[in-house]
Amino acid sequence: MPVADYARVVWAIIAKDAMVEWRTKTAFLSAMVFAILVLSILFFARDPTAVSSLDVAPGALWVTFTFAAMVGLNRAFLLERENGAMDGMLLTPIPRTAIFVGKMGGNLLFVALVEAISIPLFILFYNVSLAGRLPQLILVTAMATVAFVAVGTLLSAMVVRTRFAELMLPVLLLPFLIPPVVSAVQVTARILAGRPLSEMMPWLKLLAGFDIVFCVLTVLLFEATLDE
Amino acid sequence: MNEPLLAAQDVSRRFGYRQIFSNVTLTLEPGEVLALVGPNGAGKTTLLRVLAGLLKPTTGSVRRNGTIGLVAHHSMGYDALTARENLAFAARLWGVSETGRIDLLLDRLGLSKWGEMRTAAFSRGMIQRLAIARALVHDPGILLLDEPLNNLDEPGAEVVLQVIDELAERGRAIVVVTHQFERIAAIATSVGYLVGGSLEGPEPIDGRAAEVVSHKYRSLLAGG
Amino acid sequence: MTRRERALGTARTGQVVTAISLLALAGVFVRALAFTPVDRLQGPAQKILYIHAPVAFTSLMAFAVCGVLSLIYLAMRDRRLDRAAAASAEVGVAFSVAMLITGPIWGKPVWGTWWTWDARLTSTLFIFLLFVGYLIMRDAVIDPDQRARFSAVIGIMGLVLVPFIHLTVYLFRTLHPNPTLLKPSAPSMPGVMLVTLLSSIGVFLLLYAGFVTQRYAVAALQELREEEMLRDS
């Protein structure tokens, strides 16, 4: 399949998911409420006389992102399962990987939107001064988000066909999030503290390696999750 | 003679430890309307999914010389999208141009008035019509229908039967899975009985089909 | 020979291997306690090394075996590979539990605290949780072929994840210098101790083989029974 056609199919799936989400808004609103709740609970989950809010801020941000993303990931393939819509896609001549990349794109869009709203709230709530380091924060957010959306999309394709699907996703996904989320927290902490880029490099390299390896691996493994 | 549009050779399928059917051999010529009858749980739906390529046969092979249109038990659509959007999405995946074709299908299946309505608000009958329109969006060479008349009222069923008949006349091959042969007797050109895990037939049927088929079906059920 | 007889034969082999390795394990214990010198720095507490290190090594190897078998399963689709992968994961989880219990017992006298986020202990904890998830998921899938495919996907991803977890924990440790701790394994070990350690590793590997063989046979018998029940119904 030519690249242009491949891209068109991927885009069609992303646009469809975006439209469905726009119409229903259930998952997005839940994820947003969830994000705001976690951000504020973690602000209070400390002894303010001993621990400054800035010390817990990086962890709070990433716990928020992780769990808010899970709301969207859980839904991703539920939508395709509901009316057997997945069959409709599998009957067409489009490559299986395009379905995965499209679903992953839809999830990325979803999580990116949650993050785009959460970051200003985070800056506000935790009284963070980024002073021109916002691009750095966006970079590390993007890198870590790709990592957990890739793994999350693949796992979501499987767990929707297991019993207790909503329970299975966090159990399976969280171990895979340890490297990207720990890296992201470490980098975020250094960004907030205004440390030089060289101090973040080992973590950024780890993140980049994770992104590459797991994006390739999840695309390759997707076909094994389909009925046969 | 032309290549058959679909040829299944010694196909069998197992789910886990359960053998659903075995040694199914059938071919579909252009213009053929094969009625596949059998009791509930006989594996008709599984066979249809194997023919469609959604499931791999455990043994044997299926050759297709055309694209597949499938009408299954579920609509394959998205509740949050309108009828038109659902069809447009299918068209985009198939890589066919949507303009004209979608209007035509909505009109043919009596959904013109509801094109802009979200399918969440559709009745079961409307969902079924949309599912059929969806299966036809790329003008498939082979149309596989699983109980296509389910949830349809008489006028709806009439429309669907007409559509199937037209497609057959245009050289498409059609398989209709049903447990009520009488309702499609008028358009079927051959019949296969899936009873007890194996396929009897397919064999051509002539004018006085309905009684002959139901008689044979009953005797197979009693024997199996 | 029927499949049932073959599975029972495999089970018996597993039992024999397990029995032999348990006897050998008793031998290793006697050697470790009575014939291996007491560590000068850590005292008798160091003796737990002869269990802790072998079970840690064996559990990690068990997970690696699970990952490799998963990969081969996806290529060859032989149900036996899935069964063996699952058996290896389950035994690996059991050995991880042993590692996670003996670690703190050793840590308390040496480090003065039950739990410390030591790199190896932490990695094992995470990998242990990953494979507990693997086992939970196996229970949540009914169709055996689907279960095998899903498990293989998790097994392969787990295999790839392990080095990333090690790297994460390693980076975390090295970039956060902790007060000097006694390292769990001394860099250079007297020959007698090393022989005891190596023979213990050998014995635990044998024990692993015995357990996996038995678990594999049980899975085969379970499948056979499910099959028979379906045929009778």
Item to complete: Go through region A:190-218 residue by residue and tally those that are under 16 Å from the mean Cα position of the chain (by Cα) and of a type outside the set (Asp, Glu).
Response: 7
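If you check A:GLY152, A:GLY194, which single one turns out to be closer than 30 Å to A:ARG133 by Cα, more than 11 Å from chain C (Cβ to nearest Cβ) and either modelled with pLDDT under 90 or not in a helix (DSSP H, G or I) (or both)?
Details: A:GLY152 fails: either modelled with pLDDT under 90 or not in a helix (DSSP H, G or I) (or both).
Just one listed residue meets the conditions, A:GLY194.
For (1) more than 14 Å from every other protein chain (Cβ to nearest Cβ); (2) of a type in the set (Asp, Glu); (3) touching a His at 6+ places or on another chain (Cβ under 8 Å); (4) part of a strand (DSSP E or B), each residue gets a yes or a no:
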{"residue": "B:ILE20", "(1), (2), (3), (4)": "no, no, no, yes"}
{"residue": "B:THR25", "(1), (2), (3), (4)": "yes, no, no, yes"}
{"residue": "B:ALA35", "(1), (2), (3), (4)": "yes, no, no, yes"}
{"residue": "B:LEU47", "(1), (2), (3), (4)": "yes, no, no, no"}
{"residue": "B:VAL50", "(1), (2), (3), (4)": "no, no, no, no"}
Worksheet item: Which condition number does C:PRO109 fail, the rest of (1) in a helix (DSSP H, G or I); (2) open to solvent by 40 Å² or more (accessible area, probe 1.4 Å); (3) within 10 Å of another protein chain (Cβ to nearest Cβ) being met?
Response: (3)
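Sort through B:LEU143, B:LEU109, B:LEU93, B:LEU87 and tell me the only one that's touching a residue at least 60 places away in the same chain (Cβ under 8 Å) and either crowded, with 21+ Cβ neighbours inside 10 Å or not assigned by TED's automatic domain parsing to the domain that holds B:LEU48 (or both). If you could, list the steps in order and put the result at the bottom.
On the way: B:LEU109 fails: touching a residue at least 60 places away in the same chain (Cβ under 8 Å); B:LEU93 fails: touching a residue at least 60 places away in the same chain (Cβ under 8 Å); B:LEU87 fails: touching a residue at least 60 places away in the same chain (Cβ under 8 Å).
Sole residue among the options that is touching a residue at least 60 places away in the same chain (Cβ under 8 Å) and either crowded, with 21+ Cβ neighbours inside 10 Å or not assigned by TED's automatic domain parsing to the domain that holds B:LEU48 (or both): B:LEU143.
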Worksheet item: How many residues does region A:89-114 contain that are open to solvent by less than 30 Å² (accessible area, probe 1.4 Å) and in contact with a helix residue (DSSP H, G or I) (Cβ under 6 Å, 6 or more places away or on another chain)?
Response: 15
Discussion item. Would you confirm, using the coordinates I've provided, whether A:LEU29 is over 24 Å from A:VAL151 (Cβ atoms) and either polar (S, T, N, Q) or out of contact with any His (no Cβ under 6 Å at 6 or more places or on another chain) (or both)?
Written reply: yes
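Kindly provide the set of residues from region B:112-138 that are surrounded by fewer than 16 Cβ atoms within 10 Å (Cβ to Cβ) and either within 14 Å of chain A (Cβ to nearest Cβ) or not charged (D, E, K, R) (or both), ordered by number. Working first, answer last.
Initially, region B:112-138 is screened for residues surrounded by fewer than 16 Cβ atoms within 10 Å (Cβ to Cβ), giving B:112-113, B:116-117, B:120-121, B:123-124.
Correct list: B:SER112, B:GLU116, B:MET117, B:ALA120, B:ALA121, B:SER123, B:ARG124.
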Response to the item:
Checking A:ALA142, A:ALA131 in turn, the sole residue that is part of a loop (DSSP other than H, G, I, E, B), out of contact with any helix residue (DSSP H, G or I) (no Cβ under 7 Å at 6 or more places or on another chain) and away from every other protein chain (no Cβ under 14 Å) turns out to be A:ALA131
Worksheet item: Does region B:2-9 include one or more residues that are more than 7 Å from every other protein chain (Cβ to nearest Cβ), open to solvent by 20 Å² or more (accessible area, probe 1.4 Å) and at positive phi?
Response: no
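Looking at region C:154-170, which of the residues that are out of contact with any Ser or Thr (no Cβ under 6 Å at 6 or more places or on another chain) and within 9 Å of another protein chain (Cβ to nearest Cβ) is most open to solvent (accessible area, probe 1.4 Å)? Outline the logic, then answer.
Kept after step one, since they are out of contact with any Ser or Thr (no Cβ under 6 Å at 6 or more places or on another chain), are these residues of region C:154-170: C:154, C:157-164, C:167-168, C:170.
Imposing the further condition that a residue be within 9 Å of another protein chain (Cβ to nearest Cβ) reduces the set to C:154, C:157-158, C:160-161, C:164, C:167-168.
Numbers: C:ILE154: 3, C:MET157: 0, C:GLY158: 0, C:VAL160: 37, C:LEU161: 0, C:PHE164: 26, C:LEU167: 79, C:THR168: 3 Å².
Filtering region C:154-170 for residues that are out of contact with any Ser or Thr (no Cβ under 6 Å at 6 or more places or on another chain) and within 9 Å of another protein chain (Cβ to nearest Cβ), the one most open to solvent (accessible area, probe 1.4 Å) comes out as C:LEU167.
Please tell me if C:TYR50 is modelled with pLDDT of 90 or more and either crowded, with 20+ Cβ neighbours inside 10 Å or not in a helix (DSSP H, G or I) (or both).
On the way: modelled with pLDDT of 90 or more: no; either crowded, with 20+ Cβ neighbours inside 10 Å or not in a helix (DSSP H, G or I) (or both): yes.
It is false that C:TYR50 is modelled with pLDDT of 90 or more and either crowded, with 20+ Cβ neighbours inside 10 Å or not in a helix (DSSP H, G or I) (or both).
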Worksheet entry | Members of region C:16-32 found to be open to solvent by less than 70 Å² (accessible area, probe 1.4 Å), over 19 Å from C:THR196 (Cβ atoms) and of a type outside the set (Gly, Ala, Ser), listed by number | C:VAL17, C:THR18
Discussion item. Of everything in region B:64-96, what is under 28 Å from B:GLU3 (Cβ atoms) and in contact with a Lys or Arg (Cβ under 9 Å, 6 or more places away or on another chain)? Give them in sequence order.
Written reply: B:GLY66, B:GLY69, B:LEU70, B:VAL71, B:ALA72, B:ALA90, B:ALA91, B:GLY95
Worksheet item: In region C:112-125, what count of residues is obtained for those that are free of Cβ contacts under 8 Å to residues at least 40 places away in the same chain and either in a helix (DSSP H, G or I) or within 22 Å of C:SER70 (Cβ to Cβ) (or both)?
Response: 2
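The values are calculated or read from the model by the stated rules, or taken from the named source; none is laboratory data. Since we're looking at a predicted model, the values are computed, not measured. Note that each Cβ is placed from the backbone with ideal geometry, even for glycine, and that neighbours are counted across all protein chains shown. Please note that ligands, DNA and RNA were not included when accessible areas were found on the heavy atoms of the full protein model with its side chains. Shrake-Rupley method; radii C 1.70, N 1.55, O 1.52, S 1.80 Å.
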